[in-house]
Every structure is written in structure tokens, then in C-alpha cells.
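Student: Would you mind keeping the following structure in view while I ask a few things?
Derivation of every value follows stated rules applied to the coordinates shown; laboratory data play no part. Note that the coordinates shown come from a computational prediction; the quantities given were computed from them, not determined experimentally. Cβ: placed from backbone, ideal geometry, glycine included. Neighbour counts: every protein chain shown.
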Amino acid sequence: MIPVMVPMLGEEEAQAAAEAVRSGWVAQGPRVARFEEAFAAAVGAGHGVAVSSCTTALHLALVVHAVGPGDEVIVPSLSFIATANAVRYVGATPVFADVDLAGGNLTVETVDAVRSGATRAVIAVHQGGVPFDTVALRKAAEGWGLALIEDAACAAGSTAYGAPAGAGAAIAAWSFHPRKIITTGEGGMVTLDDAEQAARLRRLREHGMNVSAADRHASSRPVQESYLETAYNYRMTDIQAAVGLVQLSRLPALVAQRRALAARYQELLAGLPGLTAVTDPPYGQSNHQSFWVRVDPEFGAGRDALLDALADAGISARHGIMAAHLEPAYADLAARTAPLPVTERLTRDSLILPLHHRLTGADQERIVTVLRAAAGR
Ligand SMILES: *Cc1c(COP(=O)(O)O)cnc(C)c1O
């Protein structure tokens, strides 16, 4: 049996979690602060604010950018549904834009096509680890006067224009769910360069309190906190952050290994007309958090037939990235959604192949042999 993804968790993570438990400090505390600093440094951001998930990170990013009822936020439909859901948490309306065929990412053109007078922000996803064109999209958003929120859930270790994918972002949201490249069980982070917004984010994740638990702990007298605004409990625990610190130290090796495995897939698939493997864009490098393949009619077997053949051979693959506009939760927006031909093609015709630290070259050959056989090659 070949699984599609296996989190890389070792004895070091188990020990780090146990140490946090033994220390008696299990909620947000010193390990969270250390993880924030280390993660922000690793992705080239000035500040990191740890939260409970990428979904809550996206929610808070919209709150600090004052997005609310009556506002429209442009998002790719081709993304995990949390990207669109976050927009609804603040009472705004998601407007779905199409993506480019090669990388599955928003472009200046696809965003421009659905802009309106009500547009306040754009959430651009670094799709499955493939960076969007950060230079082009950040510049365009600035020119349009729109906030650009980067959904970097899958992008730890990806690069664009020689920098980490989230570096230079006005605000970026990251995920540490086990399906992503490094994990804390559940968990997320907001990164940004603006110190004032970072301070507000720290309050927003902690009930709007102006004094953190760490500050209170450091004081010898009871500190009178004050609640500055209605906010949330979106904290990460110190147990999670302890695991995250170990995971972060593994990130460069994990990314290097995933890139090598992706290159091997690309080689094995190169001679098969009708199968197109995801590749790096000219300006950057994916961490290959997801390795997807687009199946075109000339291949001779459809996407679903390939998923069946893989499953029969004990290989766990997945449908391509979902399209939120096709889900019942967004059926109410159907009438106002412009056609999304590339999104619909990618979600219908692509599949995600296994890629993880235990995958061997022999596994990859077996997987590609099953794909060829399904098409009678
Ligand atoms: C996984 C994912 C999320 C949600 O992350 P959580 O940490 O599980 O909330 C959001 N956006 C994208 C693009 C994702 O892949």
C-alpha cells in the first residue's frame, strides 16, 4: 500500500511535546513565541503570529484589513474551501476568479477580469506549493488599491524571485495541518512586516486582551488586563509549538527530498503524451507539497479511470484540487460567478500522486507503470 502523504514525525517531535507537557506550560507560552520567531525568520517575514489553523489565520488577516459586509474579496475557486469560507466569516462576499493552467494560480489578468467597485481584497493561494507571480500580483494589487492576502497554507519552503514565497507579502497565512509539508497536528501562522498589525493580531487571537499570558506570568503582581475589542480564541498551544520547532528544523531537507522525488516523477512521465505533470514556474520553485498531473484526452484513459487503476494496485492518489464554486455551500453564488473554464478543467482532469519522505524510486516506477497500463501503453 502506498499512501498519498505521510507526515514526517520522529522521536524528536515526541520528546519535544513531552517536554512541553512536563514543563507544566501547555497553552500558548514561551515555545509559541520561539516558534513564531523561527518561522518568521525562515520565511523572510518581520513578524509571526501563531494561531490555531490557516483558516483562522485567513480570518484574522481579513479582520486586520477591515474587510466586512458589503465588500467583495476575489479568491480562486480552485483551492481548499477554507480560502472562500474565511471571506464569509467577516460577512463579505467571495468572488471567484479563474487560474492559469500550468500552476493553478490567480494571475493579474484573471483577477482583473472579476474586479468591481466593491472589491476590497484579493486572497491569492500559492497553489499546492507552486508560488504565484508575487512581483506581478503584489504590484497590480497595489495599483488597484486592494489588500493582497497570501494563502501560503501549502508554501513553506517554496520560493519566488529568489526569496521565500511569503517574503515581502503584506500578510500571509500558513498551515501546519498534517497534509502540509510541516505539521503541528493542527496549527497556523500569520506572517507580516507591519509591527502594529502584528500587535493587533496578537490581541485578536487572544480575546482582544491587551496583556498576554506570558506578560502576566513575567510580572510579580497581578496585572489588570483590558479587552480592547471583541475578538477570538485562536491560540496555538505550547505543545504544538514544541513540535513545530522540530518540524521547522527539518524543512530544508524535506523540501530537497520532495523536489528530487518530483523531478523523478517528471522524468518518468515525460514520454507520455496527454499527461502533464506540474512544473516550476519560470520565477520560482515549488516545495512540491502536492504533485499533480493533468490528464488530457490523448492519454487514452480518463482521470477517474486512473484513480481506479491506482486504487486497485494499492496506491492512494487523490482527485485534483477542489473547486469551491461547484460545492453546495457556494451554490447561491452560481448566478453571479463568471465562467471558470481552467478551474473546471483542472479540478475535473487532474489527480494528485503520492509524494512523501518514505516514497522510493521503485514506488514511483510502479505508480507510473500502473498509469501507463491503464491507458494500454
Ligand atoms: C489546507 C489549506 C487551508 C486550511 O488550512 P488549515 O490549517 O487546515 O485551516 C487553507 N488554504 C489552503 C490553500 C489549504 O491548502
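Student: Please turn the phi angles of the range 266-283 into ³J(HN,Hα) values with the Karplus equation 6.51 cos²θ - 1.76 cosθ + 1.60 (θ = phi - 60°), one per residue in order, whole Hz, x for glycine and proline.
Tutor: 4, 5, 5, 8, 4, x, 10, x, x, 10, 10, 7, 4, 10, 5, x, x, 9
Student: Sticking with this structure for a sec: Can you list the HN-Hα couplings for the range 318-329, worked out from phi with the Karplus curve (6.51, -1.76, 1.60; θ = phi - 60°), rounded to whole Hz and with x for Gly and Pro?
Tutor: Ordered by residue, 3J(HN,Hα) equals 9, 4, x, 4, 5, 10, 4, 5, 8, 8, x, 4 Hz.
Student: Just to confirm a number: summing +1 for Lys and Arg and -1 for Asp and Glu over residues other than Ala118 whose beta-carbon lies under 13 angstrom from that of Ala118, what do you get?
Tutor: Around Ala118, the charge tally is +1.
Student: Further question: Quick one: the Cα spread of the range 232-312 along its three principal axes, in angstroms, biggest first?
Tutor: Between the extreme Cα coordinates on each principal axis of the range 232-312 lie 51, 28, 26 Å.
Student: Can I ask one more? Hey, can you grab everything whose amide H is under 5 Å from the amide H of Ile315? Only 5+ residues off in sequence or another chain; H modelled, so Pro and N-termini drop out.
Tutor: The list, which skips near neighbours in sequence, is Ile2.
Student: Write down the radius of gyration of the range 81-162 and its Dmax, each obtained from C-alpha positions, in Å.
Tutor: Rg, Dmax (Cα atoms, Å): 12.3, 37.
Student: Something else now. So what is the relative contact order for the chain, in percent, with contacts set as C-alpha pairs under 8 Å and at least six apart?
Tutor: Relative CO of the chain lands at 23 percent.
Student: If each Cα of the range 111-253 is one equal point scatterer, what is log10 of I(q)/I(0) from the Debye formula at q = 0.13, 0.14 Å⁻¹?
Tutor: Debye output, listed in q order: -0.71, -0.81.
Student: For a quick check: sort Phe291, Phe176 by the number of other beta carbons within 10 angstrom, fewest at the front.
Tutor: Listing Phe291, Phe176 from fewest to most nearby Cβ atoms yields Phe291, Phe176.
Student: Compute the signed sum of charges (Lys and Arg +1, Asp and Glu -1) over the other residues within less than 15 Å, Cβ to Cβ, of Val295. Write out the running numbers ahead of the final one.
Tutor: Numbers: positive: Arg294, Arg303, Arg318, Arg345, Arg348, Arg372, Arg377; negative: Asp296, Glu298, Asp304, Asp308, Glu344, Asp349.
Net local charge, Val295 excluded: +1.
Student: Taking the chain as the reference, fit the longest principal axis to its C-alpha atoms, fit the long axis of helix 54-64 to the helix C-alpha atoms, and give the angle between the two in degrees, 0 to 90, nearest 10.
Tutor: In the chain, helix 54-64 runs at an angle near 50 degrees to the longest axis.
Student: Say a paramagnetic label sat at a point 7 Å from the Cα of Thr230, along Cα to Cβ; which residues of the range 44-71 have their backbone N under 14 Å from it?
Tutor: 69
Student: Among Tyr265, Tyr161, Tyr89, which comes first, then next, by fewest other beta-carbon atoms within 10 Å?
Tutor: Fewest-to-most Cβ neighbours within 10 Å comes out as Tyr161, Tyr89, Tyr265.
Student: Using θ = phi - 60° and the Karplus relation 6.51 cos²θ - 1.76 cosθ + 1.60, list the HN-Hα couplings for the range 226-240 in order, rounded to whole Hz, with x at every Gly or Pro.
Tutor: Couplings: 9, 9, 7, 7, 5, 9, 9, 10, 10, 6, 8, 8, 5, 5, 5 Hz.
Student: Same structure again: With a 10 Å cut-off between alpha carbons and a GNM built on the chain, which of Ala97, Ala170, Ala153 moves the most?
Tutor: Highest fluctuation among the options: Ala170.
Student: Would you please give the residues with an amide H less than 5 Å from that of His207, counting only those at least 5 places away or on a separate chain, with H modeled from the backbone geometry?
Tutor: When sequence neighbours closer than 5 places are left aside, the close amide H contacts are Tyr232, Asn233, Tyr234.
Student: So what is the relative contact order for the range 251-374, in percent, with contacts set as C-alpha pairs under 8 Å and at least six apart?
Tutor: Averaging sequence separation for qualifying contacts and normalising by length gives 32 percent for the range 251-374.
Student: Fewest Cβ neighbours within 10 Å first, please rank Trp25, Trp174, Trp144, Trp292 accordingly.
Tutor: If I rank by nearby Cβ atoms, fewest first, I get Trp144, Trp25, Trp292, Trp174.
Student: Along its three principal axes, how long is the range 23-83 when you only count alpha carbons? Whole Å, largest extent first please.
Tutor: Largest first, the range 23-83 extends 46, 26, 23 Å along its Cα principal axes.
Student: What FRET efficiency would be calculated for the residue pair Arg88, Arg348, taking the C-beta separation as r and a Förster radius of 30 Å, to the nearest 0.05?
Tutor: Values: r = 25 Å, r/R0 = 0.83.
Efficiency, from the Cβ-Cβ distance: 0.75.
Student: Suppose a student asked you for the relative contact order of the range 1-145, using Cα pairs under 8 Å spaced at least 6 residues apart; what percent would you report? Can you show the working numbers first?
Tutor: On the way: 150 pairs, mean separation 24.7, N = 145.
Relative contact order, the range 1-145: 17 percent.
Student: Between 0 and 90 degrees, rounded to the nearest ten: what's the tilt of helix 30-42 against the longest Cα principal axis of the chain?
Tutor: Its long axis makes an angle of about 50 degrees.
Student: Just check the chain against the gyration tensor rule for me: Cα atoms, a ≥ b ≥ c as the square roots of the eigenvalues, rounded for a/c under 1.5, and otherwise prolate or oblate depending on whether a/b exceeds b/c.
Tutor: The shape class here is oblate.
Student: Same structure, new question: With a sphere of radius 13 Å drawn around the Cβ of Ala66, what net charge do the other residues whose Cβ falls strictly inside it have (Lys, Arg +1; Asp, Glu -1)?
Tutor: It works out to a net charge of 0.
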